[in-house]
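Right, one structure below, let's go through it.
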Amino acid sequence: MEKEKLYVIKIGGSLIDNEENLSKFLAVFAEIKSKKILVHGGGKLATEMAKNLNIPQELNNGRRITSKETLDIVTMVYAGKINKNIVVKLQNFHCNAMGFSGADGNLIKAEKREISDIDYGFVGDVEAKSINFQLLESLLDLNLVPVFSAITHDQKGQLFNTNADSIASVLAQALSQNYNVELLYCFDRNGVLENPEDSASVIKTLNIEKYEELKASQKLTEGILPKLKNAFLAKENQVAKVFLMNESNLQNHINQENDGTEIKI
Ligand SMILES: Nc1ncnc2c1ncn2[C@@H]1O[C@H](COP(=O)(O)OP(=O)(O)O)[C@@H](O)[C@H]1O
Ligand SMILES: CC(=O)N[C@@H](CCC(=O)OP(=O)(O)O)C(=O)O
């Protein structure tokens, strides 16, 4: 029997910061007929809030070093303000969205990132088995639309900050057991660019060899790196389709135009 189609769609800081574009995006998202899950970051707003409170921030390889004070900020910003703002907008578009952190319903259980050269503090790592698949499937069967923030927990009383690109990847991996999953990383570029200065230089299909070549020639920097790492992890773990694409092209993409960069292994 053919598996049912399901979209896991991730949005990040640039879209969340722009109220008008966010609303436009969510109006399109609300109209998607297939089952769907939304995952959001919001790193830019967390950095801004921390700055206002004089709490210095440090990121390493796209991951935020998360002190106790920073954990409080990201919990308020991601699981509070941003998550509820998205849910209320989707409800306005008659999409029955329900907002979650990973602690709610034990939906995403993480492990503290191991201390190596760097102690990331309250940062949690996730994998496909971290997902409470049964509960998630029950929510989808009720036609609810889960909206995940970048907050997880360890089921021992500790919340964690987890990269939203990683959450989207492991959700897509776990759901691929029973669904035909398409994972979309929506961001502010037209896809992975051969020349980061040229928005028309989109790489249509990206395989491991080309990815390594781009990395070696330093054409990939900062935020695109965790996105690509997680995109390849998804593809290696049975996710049917994985794309990186412009958030303003969601409608075209859903209409089978498949623009952006497709990840192939
Ligand atoms: N070769 C590249 N192609 C596309 N984006 C790139 C590339 N190299 C670096 N980037 C940067 O990566 C950014 C995406 O990462 P990020 O800002 O963390 O997104 P988000 O907040 O949506 O997760 C782009 O806005 C762009 O500035
Ligand atoms: C551990 C870690 O780095 N967590 C991320 C979670 C938010 C996120 O991923 O936001 P974007 O998708 O907007 O970048 C952070 O605090 O920045």
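General remarks:
- Hits in segment 203-222 - residues which are within 16 Å of ligand 2 (Cβ to nearest atom) and either touching a residue at least 60 places away in the same chain (Cβ under 8 Å) or over 20 Å from the mean Cα position of the chain (by Cα) (or both): 222
- Among the residues of segment 213-226, the ones that are in contact with a helix residue (DSSP H, G or I) (Cβ under 6 Å, 6 or more places away or on another chain), near ligand 1 (Cβ under 6 Å from one of its atoms) and in a helix (DSSP H, G or I) come to 0 in all.
- Flag if residue 123 is farther than 24 Å from residue 138 by Cα and in contact with a Leu (Cβ under 6 Å, 6 or more places away or on another chain): no
- Pairs are defined by a Cβ separation below 9 Å, a sequence spacing of at least 6 or placement on different chains, a first member in segment 178-202 that is of a type in the set (Gly, Ala, Ser), and a second member that is within 16 Å of ligand 2 (Cβ to nearest atom) and open to solvent by 10 Å² or more (accessible area, probe 1.4 Å); the pairs so defined are 191/246; 199/189; 199/246.
- Within segment 106-115, being open to solvent by 40 Å² or more (accessible area, probe 1.4 Å), part of a loop (DSSP other than H, G, I, E, B) and within 26 Å of residue 174 (Cβ to Cβ) holds for 113, 114.
- Checked against (1) polar (S, T, N, Q); (2) within 16 Å of ligand 2 (Cβ to nearest atom); (3) at pLDDT below 95, residue 169 meets all criteria but (3).
- Subset of segment 164-198 [surrounded by 24 or more Cβ atoms within 10 Å (Cβ to Cβ), farther than 16 Å from residue 229 by Cα and of a type in the set (Phe, Trp, Tyr)]: none
The values are calculated or read from the model by the stated rules, or taken from the named source; none is laboratory data. Because the structure is a prediction, the values reported are computed rather than measured. Please note: Cβ atoms are built from the backbone with ideal geometry, for glycine as well, and neighbour counts cover all protein chains shown. To get the accessible areas, we keep the full protein, side chains included, count just its heavy atoms, and leave off ligands, DNA and RNA. Shrake-Rupley method; radii C 1.70, N 1.55, O 1.52, S 1.80 Å.
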